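Written below as structure tokens is the structure these notes are about.
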Amino acid sequence: MLIENYLDMTAANAILEYLNKQNRPYSGTDIFSNLHQKYGKTSVVRSCEELAKEGNIIEKIYGKQKVYCCDQKKLPNVDENELKEMDEKIKQLDEKLKTSRDHCREKERVLSGLNSSISTKDAKDKIAEITQKTTDIIDAILEGYPKNKKTLHEEIGIETDEECNVQLPPR
């Protein structure tokens, strides 16, 4: 019996703290769930009823449903200036959150682009492969072409790196 009373006291303290912190009405089932089922449902309901009898919380009955909330008369009064300061702080934090979300979305967009692009190694491999295929095609054409390679390049409009003084970085 002592253990059961201790658990009820612990549940009652947790319920009172929770209701004061949330400052909104909840049913016994909601309180049970919101306290992550740490206390038995029967213990929660019994504690709520006991807290209401003692005047620590308010119990309202709607048909068969009982709803519990903190007694707002026991909460400290808030100064009007303090409320304005809180509203201003909320506004600033909302702006900061919006800026952070925008920044995060931009970073995710960049990351998505990077993840969907080809890697440097794959790009170099692809360039080498394409260069080899182009060289093979030109060599095949030159086998039956009566003039030299430079003339072929001029006729089909190919500019080589050497002709344009382009130096490729080492691989």
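The values are calculated or read from the model by the stated rules, or taken from the named source; none is laboratory data. As the structure is a prediction and not an experimental result, all values here were calculated from the model. All Cβ positions, even for glycine, are placed from backbone atoms using ideal geometry, and neighbour counts span all protein chains on display.
See the values below:
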read-out: Number of the exception - Lys147 against (1) surrounded by 10 or more Cβ atoms within 10 Å (Cβ to Cβ); (2) assigned to a helix (DSSP H, G or I); (3) among the basic types (Lys, Arg); value: (2)
read-out: Of residues in segment 1-28 being in a helix (DSSP H, G or I), of a type outside the set (A, V, I, L, M, F, W, C) and buried (at least 18 other Cβ atoms within 10 Å of the Cβ), the one modelled with the highest pLDDT; value: Gly28
read-out: Looking only at segment 38-64, and only at residues there that are part of a strand (DSSP E or B) and over 37 Å from the mean Cα position of the chain (by Cα), the one that is farthest from Ile15 (Cα to Cα); value: Tyr62
read-out: Selection count where residues are farther than 30 Å from Arg46 by Cβ and either modelled with pLDDT of 95 or more or not in a helix (DSSP H, G or I) (or both), scope segment 65-83; value: 3
read-out: Thr160 part of a helix (DSSP H, G or I) and surrounded by 10 or more Cβ atoms within 10 Å (Cβ to Cβ); value: no
read-out: Any hit, segment 103-117, residues being outside any helix (DSSP H, G or I) and either of a type in the set (Phe, Trp, Tyr) or more than 30 Å from Leu19 (Cβ to Cβ) (or both); value: yes
read-out: Pairs where the first residue, in segment 61-84, is of a type in the set (A, V, I, L, M, F, W, C) and the second is in a loop (DSSP other than H, G, I, E, B), C-beta under 6 Å, 6+ apart; value: Val67/Pro25; Cys69/Pro25; Cys70/Asn23
read-out: Residue within segment 119-133 that is part of a loop (DSSP other than H, G, I, E, B) and either under 30 Å from Ala12 (Cβ atoms) or not basic (Lys, Arg) (or both) present; value: yes
read-out: Criterion violated by Ile31 - all others in (1) more than 23 Å from Leu75 (Cβ to Cβ); (2) in a helix (DSSP H, G or I) satisfied; value: (1)
